[in-house]
Amino acid sequence: MRRRLILSVVLASALGVGACGGGTEKSKLATGSWDKVVSAADAEGKVTIYSSQGPQQLNDLAARFNKKYPKIKVEVVRGLDGELAPKVEAEKRTGKGIADVFVSASLPWITANASSYEKPLGPSFNATAYDKATSVPAGSYFLIDAAILTFGWNTKLYPHGLKDYTDLLAPELAGGKIGVIKPAAPSMVDFYLYLEENYGADFVKKLAAQKPRIYPSSLPMGQALTSGEISAASFVQPLIDEKQSGAPVDWGLAKKSWGALFYGMALKTAPHPNAAQLLADFLVTDQGQQAISRKGASVLPGITGAVGATADVRRQDPAKLTPDKVREYQASWDKMFGG
């Protein structure tokens, strides 16, 4: 009987439902050869990933993984870092694991919880192209890719276009015609720090004075741009698919572009620890990268569909993104933007 791929994309409003009911019984991580891990993963028959990566990329990843490992069902729970991290913490606290792999762009949280992850065991981590020494900095969490977030515009509503973020300050874009991201997670706070560092300490304040529309993530902002709800956007993925399908949109990159580096973690609370290792390994293969880094930056060279390399993406400074500093910045941002 052919096994079905289970892909459950859980939106922010429904995230509380996805983790109800407690975890499943945890199996044991196989010892010995990688083949034993693969066999044990087949026996487990399921793997669950929590991630804030793009839904299309995650869908493709799950399909490709399922094609290579047809005995293992994949469940994807997608949400913002700030929503998924508390779920991982609760599962650790209660001992009822649901997630097997967690992918996050919030480096301060990742480093603060480094004792919660298993060492990645797969052979792909030892490939020369992956550069394990820099991509697995603490021996546990591992670099996967980076989401490139940039500016875009609706070519019908704003045919003049944008050459850089400073063009968002044009008077004709005032009054709800620009989309901005709410800094709900440290990685999004880092985006605003990037803007201030590259365009002036008062740039974000000037952006707020444009009275933009606020969005919870890049996905609804991109949809709003395509539909004509807004004329310009400050935080969208490269609009490659939308443009190819005929949507009236375009996008550009600043000389110093911003990206969110995604790190993966095989959790110690994983109910399917062998399948977790298998998925972790698959994420850093050519097949995994072709899925997950499309329209973003890849950790491997020469990946079709990627628009950059993780080596060129800005690194977060955890010292500037401590919980207290993040809360302080969020409060200041809310005051400026009325968020």
*Restricting attention to region 203-239, report how many residues are assigned to a loop (DSSP other than H, G, I, E, B) and either of a type in the set (Val, Ile, Thr) or under 20 Å from Leu80 (Cα atoms) (or both).*
5
*Flag for Lys268 being over 16 Å from Ala62 (Cα atoms) and assigned by TED's automatic domain parsing to the domain that holds Asn198*: no
_For region 260-291, give me each residue that is part of a helix (DSSP H, G or I) and either among the hydroxyl-bearing types (Ser, Thr, Tyr) or surrounded by fewer than 24 Cβ atoms within 10 Å (Cβ to Cβ) (or both)._
Asp281, Phe282, Asp286, Gln287, Gln290
*Which of the residues that make up region 112-146 are in a strand (DSSP E or B) and either more than 18 Å from Val101 (Cα to Cα) or among the charged types (D, E, K, R) (or both)?*
Glu118, Asp145
*Count - residues of region 161-216 that are in contact (Cβ under 8 Å) with a residue 40 or more places away in the chain and hydroxyl-bearing (Ser, Thr, Tyr)*: 4
*If only one of Ala99, Ala138, Ala90 is among the hydrophobic types (A, V, I, L, M, F, W, C), surrounded by fewer than 18 Cβ atoms within 10 Å (Cβ to Cβ) and in contact with a helix residue (DSSP H, G or I) (Cβ under 8 Å, 6 or more places away or on another chain), which one is it?*
Ala138
*asked:* With the structure loaded, tell me whether Val180 is within 22 Å of the chain's Cα centre (by Cα), more than 30 Å from Val284 (Cβ to Cβ) and buried (at least 23 other Cβ atoms within 10 Å of the Cβ) or whether it fails that test.
replied: yes
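Is it fair to say Ile144 is hydrophobic (A, V, I, L, M, F, W, C), under 30 Å from Phe282 (Cα atoms) and in contact (Cβ under 8 Å) with a residue 60 or more places away in the chain?
Working: hydrophobic (A, V, I, L, M, F, W, C): yes; under 30 Å from Phe282 (Cα atoms): yes; in contact (Cβ under 8 Å) with a residue 60 or more places away in the chain: yes.
When the stated conditions are applied, Ile144 passes them.
The values are calculated or read from the model by the stated rules, or taken from the named source; none is laboratory data. Just so it is clear, the structure is predicted and the values come from calculations on it, not from any experiment. Backbone-built Cβ (ideal geometry, glycine too); neighbour counts: all protein chains shown.
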